[in-house]
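The values are calculated or read from the model by the stated rules, or taken from the named source; none is laboratory data. Bear in mind that the values here come from a model prediction, so they are computed numbers and not experimental data. Every residue, glycine among them, receives a Cβ derived from its backbone with ideal geometry; neighbour counts consider all protein chains shown.
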Amino acid sequence: MTKLTPRPEQEHAILRILAEPTHAALIGSQTGFGKTLITSEVVHRAGWERVLYIIIDKTFSQWHERLAAQSDGKINLRMMKTTKDGKSAFEDFLAGKPGHYAATMNWLHRQDVEYRDKQDSQGNPLMAIDKKTGLPTDKVQRETVRLGIFRKMSEKHGPLDAIIHDESHGTANRNSEMRKSILQIKSDWKIALSATWSGNDFAEHGWATPRWLWPDLVPAYWTWLEQFFVKTPKLNGQGKPVYVGGKAMMNHIEREPGAFARSLPLYMRGENAEQAPKAIEVLVDPTPEQARQYAELKAELLSWVDGWSGEREPLVADIPAVLRVRLRQVALAALSLNEKGDVDFAVDAPSAKLSALRGILDAWGGQPVILMTDSRKFAKLTAERMTAAGYRCEAWVGGMSAKEADRIKQAYLSGEVKYIVLTVQAGGTGLDFMQLRSSKIVWLSLPDGDPKLEEQALGRVFRNGMTKEYGDFQHVRLMMRGSLDTEILSALVAKAYALHRSIGSHVLRAA
């Protein structure tokens with residue numbers, strides 16, 4: 001990988017971080033602004049010798065290559081995991097040896113806890129109690145015991161030089177066990193990186209990362225909530241208050257949008273000078289089968305769908321949350337039941353969006369295109385149907401092995417595969433290569449209520465270094481007429497606007 005020279009606004013960020021007296025920084029720049037480059041330069045120039053990088057598995061090679069390039073080969077990032085080399089790296093990390101160590105948050109947490117059978121004061125196993133009968137069962141209760149290995153490491157060898165927490169929104173839940181593990185690791189410096197560090201709910205998730213960075217400056221959660229937020233009634237789609245168990249539900253709204261972010265010692269949000277253009281919205285009429293299922297579910301909370309045997313079977317959705325999921329699924333393709341009786345998409349499921357998709361791809365002249373959906377099942381169906389129709393396509397979904405992800409990446413970069421359909425949940429991170437071949441996106445569905453996922457996924461293509469071979473960037477939203485698609489889009493726009501008002505301060509504009 002080639003060594004890069006930071007742009008002026010990146011150089012400004014690097015120098016500002018190195019001069020920060022609190023030894024902490026929150027880099028909330030948009031995807032593509034160069035957070036990895038900025039941090040690599042900070043680490044190299046600071047001369048830190050013991051550094052922990054909390055990353056996601058798929059970004060290891062990106063961090064490894066960038067750190068090596070910016071340090072002229074002096075920094076060798078080692079991944080701690082269950083392999084022989086990974087275990088050796090972990091042993092050196094615990095022994096306090098100088099080095100640059102990487103691990104996923106989940107892996108670190110698993111090293112710090114042990115799952116045991118629960119025992120009484122006499123050392124006898126405690127049996128689980130049946131909630132219905134109140135009687136003991138034949139199963140032993142389990143408990144999680146924190147081992148404190150990171151606390152002991154810090155006590156014995158002193159604090160690390162720095163912790164770099166990439167994609168820090170992964171520990172935005174203040175009550176998560178993984179966050180408790182990271183709090184055990186002491187360091188002189190802390191840097192958090194995430195364009196969406198507050199998650200999709202600022203009042204609920206905007207506290208955890210700043211509190212980790214500045215524990216002496218950011219107050220306790222409930223004090224913080226009272227200081228920066230006001231309560232307002234939660235309203236339904238008709239503008240009426242929502243009640244649960246006779247109690248009115250409340251929302252927490254920031255008193256002065258952006259006030260908390262501005263109060264932080266060093267919060268940087270670099271925004272690209274060129275913002276993505278508005279998506280082209282294409283409304284498609286449902287197929288007859290989709291229209292029937294949608295109308296029946298909406299009116300009767302039940303629809304008859306094809307079962308595995310070929311006979312029609314009832315699909316019931318009498319719980320509001322389940323009904324919403326089913327209506328969103330029908331907007332993708334007609335539903336059926338698989339051999340296990342689970343709701344699924346048959347390989348030949350009627351789908352208005354897939355029919356329209358072929359027309360869009362043909363209009364773009366066969367150029368590489370990234371397809372986005374929030375449904376894992378529909379991503380796989382789309383890849384299968386497109387490949388069968390002569391459009392070589394691969395599905396990129398959560399849970400893939402690093403080996404499988406690398407195979408798809410190489411096939412895409414080599415031109416063997418022109419289309420990748422990915423879930424926005426999996427597409428938000430670890431995909432710093434899609435912009436090299438594509439400047440087009442088709443949204444088959446949007447994440448319900450979570451604008452940060454859409455922003456991250458969009459940044460996989462619309463970012464610095466995007467290819468110009470196929471013209472300007474374009475993205476298209478396919479929406480089924482008369483469905484929840486339009487409602488979800490409106491809600492996402494409103495929520496994204498509110499989040500940006502809270503976290504979009506301290507902007508560093510890209511040149």
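For segment 207-214, state whether one or more residues are over 25 Å from E455 (Cα atoms) and modelled with pLDDT of 95 or more. Yes - at least one qualifying residue is present in segment 207-214. Within segment 191-214, the set of residues being touching a residue at least 60 places away in the same chain (Cβ under 8 Å), in a helix (DSSP H, G or I) and in contact with a helix residue (DSSP H, G or I) (Cβ under 7 Å, 6 or more places away or on another chain) comprises F202, T209. With respect to N76, determine if the residue is in contact (Cβ under 8 Å) with a residue 12 or more places away in the chain, within 29 Å of R460 (Cβ to Cβ) and loosely packed, with under 12 Cβ neighbours inside 10 Å. So N76 fits the description; yes. Scanning segment 235-269 for residues that are part of a loop (DSSP other than H, G, I, E, B) and without any contact (Cβ under 8 Å) to a residue 40 or more places away in the chain yields N236, Q238, G239, K240, V242, G245, G246, M249, R255, E256. Do we find a residue being in the same structural domain as A25 (by TED's automatic domain parsing), closer than 30 Å to R463 by Cα and not charged (D, E, K, R) anywhere in segment 214-228? No. Can you find a residue in segment 281-288 that is closer than 30 Å to R358 by Cβ and within 27 Å of the chain's Cα centre (by Cα)? Checked against the condition, which is being closer than 30 Å to R358 by Cβ and within 27 Å of the chain's Cα centre (by Cα), segment 281-288 yields at least one hit.
Yes or no, residue by residue, for (1) more than 31 Å from the chain's Cα centre (by Cα); (2) assigned to a loop (DSSP other than H, G, I, E, B):
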| residue | (1), (2) |
| --- | --- |
| G134 | yes, yes |
| K139 | yes, no |
| V145 | no, no |
| D161 | no, no |
| I185 | no, yes |
| W189 | no, no |
| L217 | no, yes |
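Under the condition of being charged (D, E, K, R) and modelled with pLDDT under 95, the residues counted in segment 94-113 number 2.
Hey, any hits in segment 455-478 for a residue that's assigned to a loop (DSSP other than H, G, I, E, B), within 30 Å of A291 (Cα to Cα) and at pLDDT below 90? No; the residues of segment 455-478 include none that is assigned to a loop (DSSP other than H, G, I, E, B), within 30 Å of A291 (Cα to Cα) and at pLDDT below 90. For segment 84-102, does any single residue satisfy the condition of being exposed (fewer than 14 other Cβ atoms within 10 Å of the Cβ), closer than 29 Å to S40 by Cα and among the aliphatic types (A, V, I, L, M)? Yes, because at least one residue in segment 84-102 is exposed (fewer than 14 other Cβ atoms within 10 Å of the Cβ), closer than 29 Å to S40 by Cα and among the aliphatic types (A, V, I, L, M). Considering L489, L446, the condition of being farther than 18 Å from G170 by Cβ, modelled with pLDDT under 75, out of contact with any Phe, Trp or Tyr (no Cβ under 9 Å at 6 or more places or on another chain) and among the hydrophobic types (A, V, I, L, M, F, W, C) is satisfied by L489 alone.
Only one of the listed residues (L332, L381, L327) is touching a residue at least 24 places away in the same chain (Cβ under 8 Å), surrounded by fewer than 22 Cβ atoms within 10 Å (Cβ to Cβ) and within 29 Å of the chain's Cα centre (by Cα). That residue is L327. Does I182 qualify as being of a type in the set (V, I, T), at pLDDT 90 or above and touching a strand residue (DSSP E or B) at 6+ places or on another chain (Cβ under 9 Å)? Yes. Among the residues of segment 53-104, the ones that are part of a loop (DSSP other than H, G, I, E, B), over 24 Å from the mean Cα position of the chain (by Cα) and charged (D, E, K, R) come to 3 in all. Residues in segment 338-360 that are of a type in the set (S, T, N, Q) and more than 28 Å from the chain's Cα centre (by Cα) were compared, and the one that is nearest to V325 (Cα to Cα) is N338.
Checking L354, L371 one by one, the residue that is at pLDDT 90 or above, outside any loop (DSSP other than H, G, I, E, B) and touching a Cys at 6+ places or on another chain (Cβ under 9 Å) is L371 and no other. Residue count for segment 182-207, restricted to those that are in contact with a His (Cβ under 9 Å, 6 or more places away or on another chain), of a type outside the set (A, V, I, L, M, F, W, C) and buried (at least 23 other Cβ atoms within 10 Å of the Cβ): 4. Please identify the pairs in which a residue from segment 154-180 that is under 22 Å from L67 (Cα atoms) and in contact (Cβ under 8 Å) with a residue 12 or more places away in the chain has its Cβ atom under 8 Å from the Cβ atom of a residue that is part of a helix (DSSP H, G or I) and charged (D, E, K, R), counting only partners at least 6 apart or on another chain. Close Cβ pairs (under 8 Å, with a partner that is part of a helix (DSSP H, G or I) and charged (D, E, K, R)) amount to D166/K35.
Among the residues of segment 150-159, the ones that are loosely packed, with under 15 Cβ neighbours inside 10 Å and assigned to a helix (DSSP H, G or I) come to 3 in all. Using the structure shown, decide if L357 is within 21 Å of V284 (Cα to Cα), crowded, with 16+ Cβ neighbours inside 10 Å, in contact with a strand residue (DSSP E or B) (Cβ under 9 Å, 6 or more places away or on another chain) and not aromatic (F, W, Y). Yes.
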